[in-house]
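Undergrad: Shown below is the structure under consideration.
The values are calculated or read from the model by the stated rules, or taken from the named source; none is laboratory data. All values derive from a computational prediction rather than experimental measurement. Positions of Cβ are backbone-derived with ideal geometry, glycine not excepted, and every protein chain shown enters the neighbour counts.
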Amino acid sequence: MANEQSSDILSQFVAELAAGRIRVVDLTTPLEPATPVIDLPPMFAPSPGLSVTEISRYNDAGPAWYWNILHLGEHTGTHFDAPIHWVTGKELPDNTTDTIPPRKFIGPACVIDVAADVAQNPDFLLTPERVQEWEATHGRIPAGAWVLLRTGWSARTSRAEFLNAGADGAHSPGFAKACSEFLARERDVLGVGVETVGTDAGQAGTFDPPFPNHSTMHGAGKFGITSLINLDQLPPTGAVVIAAPLKIVGGSGSPLRVLALTPA
Ligand code: MN
C-alpha cells in the first residue's frame with residue numbers, strides 16, 4: 001500500500017499544476033546546428049556540434065513519416081556532465097549517464113544571482129564567502145540541491161558573445177576552486193548549473209588544477225549542467241529542477257531538457 005500522505009501530495013501537485021499555481025520553466029537552450037560547443041586549445045580533439053540529416057520527410061524515402069539522424073558530441077548545448085566525464089571521477093561507482101540513480105536527477109534549486117558582478121567582470125568567480133552571504137539571506141543550501149549560477153550570460157545569443165574568446169582564451173564566469181570544494185564537500189550538492197558553455201570559467205584551463213570545478217565536482221560524484229536559460233524566472237529558493245540525461249550506456253554526459261517547477 002502506498003504511503004497515503006505521499007499519494008495526497010502527488011494528487012495535490014497534479015491539481016496545482018493543472019490550476020497553473022505551479023509553473024514549468026524551461027531552462028533549456030534550443031538545440032540546432034548553430035549551437036556553440038566549447039572551444040579547446042588546438043592540441044586537444046574538438047567535439048562536433050549538432051548536424052542533422054534527414055532520413056525521410058513524407059517522400060519516397062518514407063511517404064507518411066518524417067525523421068532525422070543526429071550527429072553530435074555528448075557535451076553539446078544544454079547538457080549534463082556525469083562524474084566519469086573527468087579523470088577524477090573515473091573510478092567512482094554509478095558514474096555514467098545510465099548508472100546514476102534517477103533519484104539524483106531531481107532536486108531543489110538554489111539560485112545565486114551574480115549577474116551584476118558579471119556585467120562588470122566577465123571572469124567573475126563565485127567564492128565560498130559569496131555563497132555564505134547568499135545563505136545568510138536565503139538559508140543554508142540543503143544537501144541534494146542544484147546550485148544554479150545566475151550570471152545573465154544567456155543574454156549573449158551570438159556565438160562570439162557567448163564564447164567570448166580573446167587571444168588569451170575565453171572570458172566567462174565560473175567558480176573558484178575553494179567554492180567548488182565548499183559546495184561538493186560542505187554542502188553535498190547534486191551539482192552546479194550554469195548559463196555558460198561549461199561549468200568552469202573561461203580562463204579555468206590556466207587555473208591550478210586546470211578546470212577546478214570539473215575536477216572537484218566530478219571527483220566528488222557530483223554533476224554539471226550547462227548553457228541554461230531563464231534562470232531569471234526562478235526564485236532564489238523554492239523551485240525544483242529536473243535534469244535527467246539520456247540513458248546512454250557508459251555515457252559521459254548528454255544533451256537534455258532541463259525543467260524547473262516553480263510557484264506561479
Ligand atoms: Mn560538458
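Undergrad: Is there a residue in segment 150-157 that is surrounded by 13 or more Cβ atoms within 10 Å (Cβ to Cβ), within 22 Å of Pro255 (Cβ to Cβ), in contact (Cβ under 8 Å) with a residue 40 or more places away in the chain and not hydroxyl-bearing (Ser, Thr, Tyr)?
TA: Yes, that holds for at least one residue.
Undergrad: Which of the residues that make up segment 92-121 are acidic (Asp, Glu) and assigned to a strand (DSSP E or B)? If you could, list the steps in order and put the result at the bottom.
TA: Step one: of segment 92-121, the residues acidic (Asp, Glu) are 94, 98, 113, 117.
Hit for segment 92-121 is Asp113, nothing else.
Undergrad: Which condition from (1) part of a loop (DSSP other than H, G, I, E, B); (2) surrounded by 18 or more Cβ atoms within 10 Å (Cβ to Cβ); (3) touching a helix residue (DSSP H, G or I) at 6+ places or on another chain (Cβ under 6 Å) is the one that Pro245 breaks?
TA: For Pro245, the failing item is (3).
Undergrad: What number of residues within segment 95-113 satisfy the criterion of being touching a residue at least 40 places away in the same chain (Cβ under 8 Å) and either surrounded by 20 or more Cβ atoms within 10 Å (Cβ to Cβ) or closer than 20 Å to Gly219 by Cα (or both)? Steps first, please.
TA: Step one: filter segment 95-113 for residues touching a residue at least 40 places away in the same chain (Cβ under 8 Å), giving 95-98, 100, 102, 104-113.
Now narrow it down to the ones that are either surrounded by 20 or more Cβ atoms within 10 Å (Cβ to Cβ) or closer than 20 Å to Gly219 by Cα (or both): 95-98, 100, 102, 104-105, 107, 109-112.
Adding up the residues that qualify gives 13.
Undergrad: Just to be sure before I move on: is Gly89 in contact with a helix residue (DSSP H, G or I) (Cβ under 6 Å, 6 or more places away or on another chain), within 16 Å of the ligand (Cβ to nearest atom) and either at pLDDT below 95 or under 26 Å from Ala170 (Cβ atoms) (or both) in the structure I sent? Outline the logic, then answer.
TA: Numbers: in contact with a helix residue (DSSP H, G or I) (Cβ under 6 Å, 6 or more places away or on another chain): yes; within 16 Å of the ligand (Cβ to nearest atom): yes; either at pLDDT below 95 or under 26 Å from Ala170 (Cβ atoms) (or both): yes.
Criteria met by Gly89.
Undergrad: Only one of these conditions is not met by Gly198: (1) within 13 Å of the ligand (Cβ to nearest atom); (2) at pLDDT below 95. Which number is it?
TA: If we test Gly198 against (1) within 13 Å of the ligand (Cβ to nearest atom); (2) at pLDDT below 95, just (2) comes out false.
Undergrad: Take segment 36-50 and flag every residue that is touching a Leu at 6+ places or on another chain (Cβ under 7 Å) and free of Cβ contacts under 8 Å to residues at least 60 places away in the same chain. Break it down into steps so the answer makes sense when it comes.
TA: Looking only at segment 36-50, we keep the residues that are touching a Leu at 6+ places or on another chain (Cβ under 7 Å), and these are 36, 39, 46, 48-50.
Within segment 36-50, Pro46, Pro48, Gly49, Leu50 qualify.
Undergrad: Restricting to segment 201-216, and then to whatever is touching a residue at least 40 places away in the same chain (Cβ under 8 Å) and closer than 18 Å to Leu190 by Cα, can you tell me which residue is farthest from the ligand (Cβ to nearest atom)?
TA: Applying the first criterion (touching a residue at least 40 places away in the same chain (Cβ under 8 Å)) to segment 201-216 yields 201-203, 205, 211, 214-216.
Restricting the remaining residues to those that are closer than 18 Å to Leu190 by Cα gives 214-216.
Working: His214: 8, Ser215: 13, Thr216: 15 Å.
Going through the qualifying residues, I end up with Thr216.
Undergrad: Can I ask one more? Among the residues of segment 222-238, write down those that are away from the ligand (no atom under 16 Å from the Cβ) and either part of a loop (DSSP other than H, G, I, E, B) or surrounded by fewer than 18 Cβ atoms within 10 Å (Cβ to Cβ) (or both).
TA: Let us first name the residues in segment 222-238 that are away from the ligand (no atom under 16 Å from the Cβ), namely 229-238.
Residues satisfying the conditions are Ile229, Asn230, Asp232, Gln233, Leu234, Pro235, Pro236, Thr237, Gly238.
Undergrad: Look through segment 239-264, keep the residues that are out of contact with any strand residue (DSSP E or B) (no Cβ under 6 Å at 6 or more places or on another chain) and away from the ligand (no atom under 13 Å from the Cβ), and return whichever of them is nearest to Gly20 (Cα to Cα). So that I can check it myself, show each step before the final result.
TA: Within segment 239-264, the first condition is being out of contact with any strand residue (DSSP E or B) (no Cβ under 6 Å at 6 or more places or on another chain), and the residues that meet it are 244, 247, 249-252, 263.
Then keep just the ones that are away from the ligand (no atom under 13 Å from the Cβ); that gives 244, 247, 249-250, 263.
Working: Ala244: 23, Lys247: 31, Val249: 37, Gly250: 38, Pro263: 9 Å.
Once the filter is applied, the top-ranked residue is Pro263.
Undergrad: Then there's this: Going residue by residue through segment 56-73, is there one that turns out to be surrounded by 11 or more Cβ atoms within 10 Å (Cβ to Cβ), outside any strand (DSSP E or B), of a type outside the set (A, V, I, L, M) and at pLDDT 95 or above?
TA: Scanning segment 56-73 turns up at least one residue that is surrounded by 11 or more Cβ atoms within 10 Å (Cβ to Cβ), outside any strand (DSSP E or B), of a type outside the set (A, V, I, L, M) and at pLDDT 95 or above.
Undergrad: Here is a further query. Taking segment 1-32, which residues are assigned to a loop (DSSP other than H, G, I, E, B) and either surrounded by fewer than 10 Cβ atoms within 10 Å (Cβ to Cβ) or among the β-branched types (Val, Ile, Thr) (or both)?
TA: Initially, segment 1-32 is screened for residues assigned to a loop (DSSP other than H, G, I, E, B), giving 1-3, 19-21, 27, 29-32.
Met1, Ala2, Asn3, Ala19, Gly20, Thr29 - these are the residues of segment 1-32 that are assigned to a loop (DSSP other than H, G, I, E, B) and either surrounded by fewer than 10 Cβ atoms within 10 Å (Cβ to Cβ) or among the β-branched types (Val, Ile, Thr) (or both).
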